[in-house]
1. Tell me what chain B gives for mean residue ellipticity at 222 nm when only DSSP H runs of n ≥ 4 count, each as -39,500 (n - 2.57), the sum divided by the residue total, rounded to 500 deg cm²/dmol.
2. Which of the lysines could a cross-linker bridge to B:Lys39, judged by Cα under 24 Å and excluding same-chain residues fewer than eight apart?
3. On a full-extension model of 0.36 nm per residue, what is the gain between A:Ala6 and A:Ala309, subtracting their alpha-carbon distance, rounded to one decimal in nm?
4. Give me the number: length gained by fully extending A:Ala219 to A:Ala300, i.e. 0.36 nm times residue separation minus the C-alpha to C-alpha distance, one decimal in nm.
5. If I take every Cα pair under 8 Å that is 6 or more residues apart in chain B, average their sequence separation and divide by the length, what percent do I get for the relative contact order?
6. Considering chain A as a Gaussian network with a 10 Å cut-off on Cα pairs, which listed residue, A:Ala319, A:Ala140, A:Ala216, attains the greatest mean-square fluctuation?
7. Tell me the label-point distance for the pair B:Asp45, A:Arg238, using the 7 Å Cα-to-Cβ offset, in nm and rounded to one decimal.
8. What gaps in nm, shortest first, separate A:Asp282 from its twins in the other copies when you place the label 7 Å past Cα toward the beta carbon?
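Values quoted throughout were computed directly from the atomic coordinates according to the rules given, and no laboratory measurement underlies them. Just so you know, these numbers come straight off a predicted model, no measurement behind them. Using ideal geometry, Cβ is built from the backbone for each residue, glycine included, and neighbour counts are taken over all protein chains shown.
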2 protein chains.
Amino acid sequence: MTVTLADVAARAQVSPATVSRVLNGNYPVAASTRDRVLKAVDELDYVLNGPASALAAATSDLVGILVNDIADPFFGIMASAIQAEIGGPGGRAGGERLAVVCNTGGSPERELTYLTLLQRQRAAAVVLTGGAIEDAAHQAAMDTKVRKLADAGTRVVLCGRPPAPETGAIALTFDNRGGGQKLTEHLIGLGHRRLGYIAGPEERTTTRHRLEGHRAALAAHGIEEDPRWTVHGRYDRRSGYEATLELLRRDPSLTAVVAANDSVALGACAALRDSGLRIPEDVSVAGFDDLPFSIDAVPALTTVRLPLAEAGARAGRIAMGREEAPPGGIASVRGELMVRGSSGVPRVS
Amino acid sequence: MTVTLADVAARAQVSPATVSRVLNGNYPVAASTRDRVLKAVDELDYVLNGPASALAAATSDLVGILVNDIADPFFGIMASAIQAEIGGPGGRAGGERLAVVCNTGGSPERELTYLTLLQRQRAAAVVLTGGAIEDAAHQAAMDTKVRKLADAGTRVVLCGRPPAPETGAIALTFDNRGGGQKLTEHLIGLGHRRLGYIAGPEERTTTRHRLEGHRAALAAHGIEEDPRWTVHGRYDRRSGYEATLELLRRDPSLTAVVAANDSVALGACAALRDSGLRIPEDVSVAGFDDLPFSIDAVPALTTVRLPLAEAGARAGRIAMGREEAPPGGIASVRGELMVRGSSGVPRVS
DNA sequence: TCATGTATAGAAAGCGCTTGCTGTACCGCT
DNA sequence: AGCGGTACAGCAAGCGCTTTCTATACATGA
C-alpha cells in the first residue's frame with residue numbers, strides 16, 4: 001500500500017485536515033504542529049496523490065504545450081522557453097506545475113484530441129504554438145474547444161499562432177507577412193528580379209502569410225510573378241532539396257531562392273551546390289526563423305529572426321497569469337531581418 | 001457547472017455505472033444501451049473528469065518523458081519517437097495516453113522533482129533520456145526514486161542512459177564508448193597523431209564514455225595524450241567555438257578536433273574557419289550523434305550516427321508494455337561511423 | 001469576572017468516478 | 001415445469017484529498 005494523508009496524520013497525531021493544510025500552506029498552522037507533520041511526511045516518504053488532490057480541489061497543476069513537431073528546434077526552443085516560465089519544478093513561486101509538451105505532428109485530429117485530453121485533466125493552462133491549419137471545419141472545432149477550455153477556467157495562450165477571436169484565448173502572433181516582405185525586399189534591393197519561392201505545406205497560416213509577404217514585396221516593386229517560381233513542400237530540409245531541384249528545372253535562370261524556413265533553406269543550399277551553383281554568386285538563398293544552426297551554414301544564411309525564446313517566455317508568463325495580457329488580447333511579434341552571406345548581388349544575365 | 005457522469009446517466013436513463021462501462025468498454029453492455037449512452041455523451045458534450053477517474057481506478061494515462069534540453073534536436077528526436085509510440089492521441093489501441101515531455105535542463109534537482117511530480121500523478125510509465133549526472137548523492141537519490149516508481153507499478157525505461165541496476169528500470173544504453181573509439185580510430189587511420197578533444201560537461205556519463213572511447217583509441221595506437229588536448233565545455237555550438245580557439249591557442253599543431261557532439265563540432269568548424277584554417281585540409285573535424293543538420297555542414301560532418309528515433313521508438317514500446325524488455329533488462333545500442341567530408345588525411349607537418 | 005476575540009485543530013461532507021457484488025430477465029436444457 | 005446459465009444493469013462503497021463549518025483554548029478588554 002502507498003502512504004496516504006491519513007497515515008501521515010496518524011503518525012503526526014493530527015487530523016488529515018491539518019496535514020493537508022500544512023502541505024498546501026494556505027491556512028494557519030502552529031509552527032510546532034507543522035514541524036511534526038513535516039517530519040512525519042519525511043519519515044513516511046509520503047507523496048501526495050495528484051488525482052485525488054485535483055479531484056477534491058477541482059484544479060490541477062498541469063499546463064499543456066501543444067507543438068507541431070517537437071523534433072524541430074523551432075518548436076523545441078519555444079517549448080523550452082514556455083516551460084521555463086511555467087515553472088515546472090525549479091520555477092519560482094506558486095506551487096509546482098507540470099508542464100507537458102504534446103506533439104501533434106501537425107495533424108488536426110491529434111491537435112483536437114490533445115486538447116480534449118488536457119480538458120479532461122482540467123489543465124490549468126494551455127499554450128498552442130505554431131501556425132494553425134486552414135480548414136474551416138477544423139478551425140471551427142478548435143475554436144469551440146478553446147472556448148470551452150477558456151470557459152472552464154483554463155487559460156489559453158496562442159504563441160506564434162494567429163488570433164482566434166471570440167474564444168477567450170490570448171494571442172502572441174508572429175508577423176510572418178511583414179518578415180516575408182522584408183526578406184524579399186532585401187533581395188530585390190540587391191537586384192534580384194527572378195526569385196523562386198519554396199513555400200511550406202498548404203493550408204497553414206504560416207505558409208500563407210510568409211508567401212503573402214513575399215508577393216507583396218514583389219508587387220510593390222512591379223515584379224510580375226511567374227507561377228513556376230513557387231513550389232510547395234514540407235517544412236524540412238529534404239523538401240527544400242527537392243523543391244530547389246524542381247525550381248531549377250522549371251527555370252534555370254532564377255537568381256534567388258527564398259525558403260519557407262531555415263531547414264528548407266539548408267536543403268536548398270545543398271541542392272544548389274549539388275547542381276554546381278555557387279551561393280550567393282550564382283544564386284542567393286534566404287531562410288526564415290534564424291534557428292541556431294543557420295549561422296553555421298556556409299555561407300551563413302540570410303534569414304528573418306523570430307524571437308522564439310522571448311515570445312515563448314512571454315506566453316508562459318501570460319499563461320501563468322504572471323504577466324498581463326496585451327491590449328485586446330492580441331500582440332504581434334515582429335521578426336528581424338538578418339543579412340548574412342547567403343544573399344548577394346545577382347550575376348548579370 | 002460541468003457535465004458529470006451522473007448527468008449523462010440521467011439523460012440516457014441508465015445508471016452511472018453503465019455509463020462508465022460504456023466509456024471504458026471493459027464490460028459487456030447491450031448495443032442499444034451503449035448507443036443511448038453515447039448519444040447522451042455527445043449531446044451533453046461530456047468530457048470525462050481525468051483526476052476523478054484516475055483516483056477511482058488508481059491508474060492514470062499519463063506517461064512522462066524526461067529530457068535534458070528540449071531545444072536540442074538530440075532530445076527532440078528521441079522525444080518525438082517515444083511519444084509516437086506512447087500513442088498519445090492517434091496512437092493505436094489501448095485508450096488514449098497523454099505523453100508529457102518534461103525539460104530538466106540538466107539540473108539534478110529538476111530531474112528529481114519531475115520524477116516526484118510524475119509519481120504524484122501516478123504516471124503509467126516514465127522514460128528517462130540522455131546521460132546521467134555523475135554525482136554519488138544524486139545518483140542514489142535517483143535510484144531510490146526510480147525504484148519507488150517501479151514498485152508502485154510505473155514502468156521506467158532509460159533511453160540513451162546508463163543502466164541503473166537494482167531499480168527495476170529497463171535500460172537502452174547508447175554505446176558511447178564504442179562510438180567514440182571508432183571515431184578516433186578513423187582519424188588515427190587517416191594519419192592523425194595530434195588530436196584535440198572537446199568534451200561535454202564534466203560529471204556526465206555521456207561525456208565520460210565518449211572521452212574514454214577516444215582515449216582508448218589513442219592508447220591502442222600508442223599515442224600518448226597531451227593534457228592540453230582536452231577541453232571541457234557544454235553541449236552547444238558556442239562552447240565548441242570557444243573550446244576550439246582555446247585548443248588552437250594551446251597547440252596550433254593539432255591536425256584534428258573531435259567534438260562531444262555535432263553542435264559542438266559545428267562551433268569548432270566555425271572557429272577553425274574564422275582562424276583561417278581549412279577543413280579538412282588543415283584540420284579535420286568530427287562530431288557525434290549525426291543530427292539532421294550535420295550533413296549540411298560544409299564540408300559535411302564526419303560523425304557517429306546514433307539511432308535516436310529507433311531507440312526512442314523502442315523505449316516507447318517497452319514503456320507501453322508493447323515490446324518485451326531486452327534480456328537482463330539492459331540493451332546496448334551501437335552507433336555507426338559516418339565518414340564524410342570533414343575528416344581527411346592530415347597535412348604533412 | 002464575563003463577554004468577545006483570535007488562533008488553531010478536527011469532523012465530516014463531498015469531489016466524480018470505478019467496480020465488486022447483487023439482482024433480474026430470459027435462455028435452453030432436462 | 002423447474003433449474004442452472006448467461007447477459008445485462010444497478011447499488012453502493014470507496015479512491016485520497018480539500019474545505020466549510022464547528023469546537024476548543026487562551027488571551028483580551030471592559
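1. -13500 deg cm²/dmol
2. Correct list for B:Lys39: A:Lys145, A:Lys148.
3. On the way: separation 303, 0.36 × 303 = 109.08 nm, distance 4.39 nm.
Stretched out fully, the A:Ala6 to A:Ala309 stretch lengthens by 104.7 nm.
4. Numbers: separation 81, 0.36 × 81 = 29.16 nm, distance 2.78 nm.
This chain segment gains 26.4 nm when fully extended.
5. Values: 692 pairs, mean separation 55.4, N = 349.
Normalised by residue count, the contact order of chain B is 16 percent.
6. A:Ala140
7. Here the modelled spin labels are 4.0 nm apart.
8. 2.7
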